[in-house]
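Worksheet: the structure to be examined is printed underneath.
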Amino acid sequence: MTEAGTGADARDMADHRFWRAHWLIGTLVAWALVSCVTLLAKWQSVMALGLGDTDDNLRLAQVRAWLDGQGWYDLRHYHLAPPAGADIHWSRLPDLPIAAIDLLLTPVVGAEMAERWAVALAPLIPFAIGLIALALIARRLVAPHAWPLALLAACCAGILMPMWMPLRIDHHGWQLALLAVALAGLADPRPARGGVTSGIASALSLAIGLEMLIFLALIGGATALFWVRSQEHARRIAAYGASLAGGSGIAFLIFASEANRAPVCDALSPVWLSAVAAAGAALALLSLTRNERWVVRLMLAGIAGALIAIGFALLWPDCLGRPEGVSRELQALWLDNVQEARPIWRQDWQKALIVIALPLSGLAGYAIGLWRARTDMARFAPLLALAAMAVMSILLLFWQVRTAPAAQLLAVPGAALLGMAIIPPMRRSGQMLVRVFGTVAAIGVMTGLWAVVPIAMVPDADAAESEASDTAEADCGSLEAMAALDRLPPATIVAPVDLSPRLIVGTHHNAIAGPYHRNGEAMMDVFEGLGGNEARLRETVERYSASYVLICPGMKGDWLYGVEDEGRTFNRLVSDDAPSWLVSVALPEGSPYRLWRVVE
């Protein structure tokens with residue numbers, strides 16, 4: 001070996017020791033830097049309370065109502081579908097950090113600024129948890145010094161990262177962070193600690209919502225298969241089963257709303273609590289068996305799983321289909337056409353490539369990692385479990401692209417494995433150009449940023465149209481524009497469903513419906529009222545005692561109201577051909593809205 005080579009190896013060993021020793025501090029430093037950069041980038045939006053998503057707006061409305069005295073278990077939104085209000089399937093758990101920051105800062109900066117700081121800072125908490133969990137997975141399954149590669153891959157994930165950014169206060173960021181924690185438990189070499197970690201993280205995720213149910217079920221299945229492979233994992237399944245069942249029961253008692261205490265299919269209710277409790281109890285009982293034959297253990301686990309599945313089908317047959325439970329009419333009109341509910345092959349190719357690039361890189365990394373760990377079962381088994389879930393997440397993209405953030409999160413450990421395989425040879429090259437450009441190219445391959453190249457090379461024919469739509473969307477959600485509406489006396493307003501959550505956050509008015517499946521009747525009243533004929537709109541107005549009708553032409557959801565059919569009421573309103581019982585209300589010049597007052 002040459003003296004230069006010996007020196008390079010010594011430097012590499014010193015670097016490895018440094019990264020191994022300072023992983024937690026390094027992860028927190030990376031989190032702080034990224035958080036500061038994104039806060040600065042989004043500062044104007046924070047000051048404008050620029051919650052762009054309907055769920056973020058309704059989450060803020062839910063926190064406001066709670067802080068104003070609404071009951072802990074009452075999660076109805078009384079500013080929607082008055083006077084009864086709209087029932088939402090969420091829980092209070094994601095409300096806690098938002099409310100805590102708001103209450104803590106109000107005496108210091110005032111109520112208005114405290115709320116803005118709350119929506120800016122609250123998403124950074126699950127961001128920190130998610131990064132720490134991903135760093136742990138990389139340390140345990142890739143190499144003790146590989147965690148920076150995992151953080152780099154995560155921070156380059158174009159679909160995952162926005163879920164953890166300022167203003168993204170909806171529950172998805174928390175569920176992704178808890179999924180990462182559950183995976184870290186699966187990778188934990190200490191069985192009991194790993195089982196408890198995965199069980200508690202799964203229970204908390206279920207308390208928030210069922211969006212990660214498939215992946216949580218796969219984690220449970222992998223935990224059981226660990227025990228099937230080796231009796232040494234009896235402590236893992238016992239700890240996992242007890243913490244999953246017990247944690248879910250406690251979470252149900254603390255966080256389940258009044259509505260979710262009924263046997264509903266779309267939240268942690270008696271339906272899913274019974275299934276989770278049965279599964280946890282079954283795993284705890286299986287851990288007590290002492291049979292050395294893996295075939296017998298597999299048979300016992302299979303029997304337990306079959307009994308739980310049969311019991312679920314017999315007790316809760318209504319929950320065997322889609323959990324939303326909407327009417328066929330609403331599903332055909334709305335749910336099947338929601339962008340995130342469409343499969344990846346129905347997205348534009350640029351978005352599809354951004355979604356799939358990192359998962360494909362992750363799969364390549366998992367293949368390399370599994371080959372290298374084939375003789376080390378302690379690493380091979382959890383790597384195989386993560387690789388299988390990564391494959392499943394990619395397959396699910398061909399069902400609904402809403403699983404894209406989870407698919408990118410599951411790809412991160414695989415990306416770190418790929419990085420460990422292709423970056424060091426580039427860095428050790430004797431050619432400077434290879435060291436520089438080769439390393440950059442390797443990072444691009446590892447992180448999925450290679451997708452940027454074809455996207456940049458092919459002009460987007462719809463770019464101008466998309467930009468115009470984004471501008472209209474921003475204008476429609478502007479608090480400055482809504483100030484004119486807020487000056488009107490409090491009233492109930494018929495507005496498009498995608499505008500309504502923002503309307504109740506930006507003004508003191510009520511609306512009819514937001515895009516939430518439990519309120520199918522109210523949604524159909526708005527869809528058919530604005531998208532039907534004059535008589536149907538009048539029926540909706542009278543049913544909810546509405547005083548105004550509001551539209552914002554150019555919003556992305558306009559297609560729901562039949563914009564291609566000139567005979568629809570929505571198009572008549574766009575053309576200022578309103579029914580005689582609607583009187584136009586003057587708004588400031590440049591307002592994106594058109595508003596009419598209902599007259600007798």
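Only residues that are of a type outside the set (Asp, Glu), in contact (Cβ under 8 Å) with a residue 40 or more places away in the chain and surrounded by fewer than 22 Cβ atoms within 10 Å (Cβ to Cβ) were counted in region 478-501, giving 7. Close contacts from region 359-370, counting a first residue that is in contact (Cβ under 8 Å) with a residue 60 or more places away in the chain and a second that is among the basic types (Lys, Arg) and assigned to a helix (DSSP H, G or I), with Cβ to Cβ under 9 Å and a gap of 6+ residues or different chains, come to GLY369/ARG379. Here is the figure for region 316-346: residues that are surrounded by fewer than 14 Cβ atoms within 10 Å (Cβ to Cβ) and within 30 Å of TRP227 (Cβ to Cβ) total 1. Please verify whether ASP53 is buried (at least 16 other Cβ atoms within 10 Å of the Cβ), at pLDDT below 95 and closer than 20 Å to LEU479 by Cα, treating the condition exactly as stated. Yes; evaluated as a whole, the condition is true for this residue.
The single residue among ALA187, ALA143 that is at pLDDT below 95, small (Gly, Ala, Ser), more than 21 Å from the chain's Cα centre (by Cα) and closer than 21 Å to TRP23 by Cα turns out to be ALA143.
Restricted to strands (runs of 3 or more DSSP E) entirely inside region 502-600, those with at least 2 residues that are surrounded by 22 or more Cβ atoms within 10 Å (Cβ to Cβ) and at pLDDT 90 or above are 548-551. The conditions of being small (Gly, Ala, Ser) and in contact with a Lys or Arg (Cβ under 6 Å, 6 or more places away or on another chain) are not met by GLY110. Checked across region 433-451, the condition of being in contact (Cβ under 8 Å) with a residue 24 or more places away in the chain, of a type outside the set (Gly, Ala, Ser) and surrounded by fewer than 17 Cβ atoms within 10 Å (Cβ to Cβ) holds for no residue. Residue pairs whose Cβ atoms lie under 7 Å apart, separated by 6 or more positions or on different chains, with the first residue in region 518-536 and more than 21 Å from CYS552 (Cβ to Cβ) and in contact (Cβ under 8 Å) with a residue 24 or more places away in the chain and the second among the hydroxyl-bearing types (Ser, Thr, Tyr) and part of a helix (DSSP H, G or I), are ASN533/THR569. In region 178-197, the residues that are assigned to a loop (DSSP other than H, G, I, E, B) and surrounded by fewer than 24 Cβ atoms within 10 Å (Cβ to Cβ) reach residues that are of a type outside the set (D, E, K, R) and modelled with pLDDT of 95 or more with C-beta atoms within less than 6 angstrom, at least six apart or across chains, in these pairs: ASP188/GLY194.
For region 274-293, filtering for residues that are surrounded by fewer than 23 Cβ atoms within 10 Å (Cβ to Cβ) and either acidic (Asp, Glu) or within 22 Å of the chain's Cα centre (by Cα) (or both) leaves 1. Entry remark, region 21-71: residues being more than 26 Å from ILE88 (Cβ to Cβ) and among the β-branched types (Val, Ile, Thr) number 6 in total. When ALA421, ALA442, ALA416, ALA463 are checked against the criterion of being small (Gly, Ala, Ser) and either more than 30 Å from ALA367 (Cβ to Cβ) or modelled with pLDDT under 85 (or both), ALA463 stands alone in meeting it.
In region 76-97, the qualifying residues are those that are assigned to a loop (DSSP other than H, G, I, E, B) and among the aliphatic types (A, V, I, L, M), and the one that is surrounded by the most Cβ atoms within 10 Å (Cβ to Cβ) is ALA81.
The values are calculated or read from the model by the stated rules, or taken from the named source; none is laboratory data. Just so we're clear, the structure is a prediction, and the values are computed from it rather than from any experiment. Neighbour counts run over all protein chains shown; Cβ positions are idealised from the backbone, glycine included.
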